[in-house]
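Worksheet: the structure to be examined is printed underneath.
The values are calculated or read from the model by the stated rules, or taken from the named source; none is laboratory data. In this text the structure is predicted, and so the values were computed from the model without any measurement. Methodologically, a virtual Cβ is constructed for each residue, glycine included, from the backbone with ideal geometry; neighbour enumeration extends over all protein chains shown. To get the accessible areas, we keep the full protein, side chains included, count just its heavy atoms, and leave off ligands, DNA and RNA. Shrake-Rupley method; radii C 1.70, N 1.55, O 1.52, S 1.80 Å.
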Amino acid sequence: NWTSLTGLIVGVFLLYVLHTCWVMFGIVYTKPCEKPESDSCISPYLAAKPRLQLSVYTALRPNADGGHSLIHREEEFDVNTRFERLVNVSLPKKTRKNGTLYAMVFLHQAGVSPWQDPHQVHLVTQLTTYTLPKPPEISLITRQDEPQVSRSPRPASEQLDRPVSHWRSRLTVNVVSENFLFDREALPGDVHRYMRVYQSGKKMIYLPLLFVDELSNRVKDLMEINSSSTELPLSISYDSIALGKLRFWIHMQDAVYSLQQFGFTEKDADEIKGIFVDTNLYFLALTFFVAAFHLLFDFLAFKNDISFWKHKKSMVGMSSKAVLWRCFSTIVIFLYLLDEQTSLLVLLPAGIGSLIEVWKVKKAFKIHVIWRGLTPTFLFGKRDESEKRTEEYDTLQAMKYLSYLLYPLCIGGAVYALVFVKYKSWYSWIINSLVNDSQYCLCRCRVGVNQTIHFS
């Protein structure tokens, strides 16, 4: 039965990989118009090589009601020329009081105001986002670098519990530079929402495809806004983009947005953004295949591990202490990830792994739980002579001499971290120290298991 299940899982996995490849091909490949002179073709506005300007405004509302301010204008804008500009943006009073601010990016004809250009294209994006402030870290011994409450008008008890406005210090703009001829009958839906078309005689002309890269907005670039933040820096970067990459980026942004609607936090979404932004697309495709097969092998290993422990009746030749230490280490690492507010993508697998290790301890020590109402009673099974000899060798030989080295290292590492490393609280220090100690425990477990198995 297990063999047939494994074959079914592998078959479904291969179908999934092939389907994913087909979907990705449909995203990055766009069928061009086969008859350029046909009325069904949509021609690019950039083919005429017009003189363009790029202007960036800020506004308190996405429709610019209440006024707007020009923060940057690229006079001699070339679609194929990459650039990066650093500007200082003055924050309105409403934004400094935990408010929002929007950026309006215009691509328009040179010498013409974007508000009066009929052939302008523009996009609106937020320059602020709401997220929980990062907890301050201090030295638990000297109390150095303790935050000053006067920096923010909010009460100290609310500073870490309420989402506050943060500044997005990067604005990345892209324009499709290739003169692609679209077929009106096969226009991709993801491109359609970014396309503005006008009639020129019998021809249909589409304006430049302007795109604001939201994936480049990372948590590490966020800056907390408070009442004293009258001016903050903004890096405006531009680069041309291929049509296939644009479509892929649109789908990835939609996927991240959907995850946030399902309850993923800004930090959770940032983990996913890093996969796409910090990796070359070809290397990303290779990484996908490697990760997919790694996931398959992990699942098969997980299945075999569960099957092995499910039918395990005796601990002869196996170190029960190694199982216990591994369970302890896994739980400590899970608590560390929880304290660091790690992404759910990492936290959930770690939590499931901890539960599995607890189940292994129950099997290794033959623990039976009997519930009397809401009160549990734990009963330990008896060991036979072979198991007792294994445990004796494990205690006297496998662990004894290794402990002489590990205990001083664990204690010394914890003391060093207390003096020289900054933490959010005493609990964070304890958890971080235990994480370091748990790494030694895992090493100890491997040595203990190897020696015990050799003994058996």
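Quick look at the numbers
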| item | result |
| --- | --- |
| Selection status of A269, open to solvent by less than 20 Å² (accessible area, probe 1.4 Å), without any contact (Cβ under 8 Å) to a residue 24 or more places away in the chain and outside any loop (DSSP other than H, G, I, E, B) | yes |
| Hits in the stretch 77-116 - residues which are open to solvent by less than 60 Å² (accessible area, probe 1.4 Å), closer than 16 Å to S55 by Cβ and small (G, A, S) | A103, A110, S113 |
| Hits in the stretch 40-76 (condition: in a loop (DSSP other than H, G, I, E, B), of a type in the set (S, T, N, Q) and surrounded by 13 or more Cβ atoms within 10 Å (Cβ to Cβ)) | S40 |
| Yes/no for F308 being open to solvent by 50 Å² or more (accessible area, probe 1.4 Å) and modelled with pLDDT of 80 or more | yes |
| P408, sole failed condition from (1) open to solvent by 40 Å² or more (accessible area, probe 1.4 Å); (2) in contact with a Leu (Cβ under 8 Å, 6 or more places away or on another chain); (3) modelled with pLDDT of 70 or more | (2) |
| Tally, over the stretch 341-368, of residues that are within 29 Å of S314 (Cβ to Cβ), open to solvent by less than 60 Å² (accessible area, probe 1.4 Å) and without any contact (Cβ under 8 Å) to a residue 40 or more places away in the chain | 6 |
| Meets criteria (under 16 Å from L324 (Cα atoms), at pLDDT 70 or above and either of a type in the set (S, T, Y) or open to solvent by 90 Å² or more (accessible area, probe 1.4 Å) (or both)) for S433 | no |
| The stretch 117-141, residues that are closer than 30 Å to L209 by Cβ, open to solvent by less than 40 Å² (accessible area, probe 1.4 Å) and in a strand (DSSP E or B) | V121, T125, T128, T129 |
| Some residue of the stretch 327-337 being free of Cβ contacts under 8 Å to residues at least 60 places away in the same chain, out of contact with any His (no Cβ under 9 Å at 6 or more places or on another chain) and open to solvent by 70 Å² or more (accessible area, probe 1.4 Å) | no |
| Near pairs, Cβ below 7 angstrom, 6+ apart or cross-chain, from the stretch 24-52 (over 23 Å from K245 (Cβ atoms)) to any residue that is open to solvent by 90 Å² or more (accessible area, probe 1.4 Å) and not aromatic (F, W, Y) | D39/K202; S40/R184; S40/E185 |
| Which numbered condition Q199 misses (of (1) open to solvent by 50 Å² or more (accessible area, probe 1.4 Å); (2) touching a residue at least 40 places away in the same chain (Cβ under 8 Å); (3) of a type outside the set (G, A, S)) | (2) |
| Flag if A301 is assigned to a helix (DSSP H, G or I), among the small types (G, A, S) and open to solvent by less than 50 Å² (accessible area, probe 1.4 Å) | no |
| Among residues of the stretch 163-199, those that are in a helix (DSSP H, G or I) and out of contact with any Lys or Arg (no Cβ under 8 Å at 6 or more places or on another chain), counted | 4 |
| Failed condition for T100, given (1) polar (S, T, N, Q); (2) under 23 Å from D183 (Cα atoms); (3) modelled with pLDDT of 85 or more | (2) |
| Test result for M252, in contact with a Phe, Trp or Tyr (Cβ under 8 Å, 6 or more places away or on another chain) and open to solvent by 60 Å² or more (accessible area, probe 1.4 Å) | no |
| Filter pass, L286 being surrounded by fewer than 18 Cβ atoms within 10 Å (Cβ to Cβ) and either outside any helix (DSSP H, G or I) or more than 18 Å from the chain's Cα centre (by Cα) (or both) | yes |
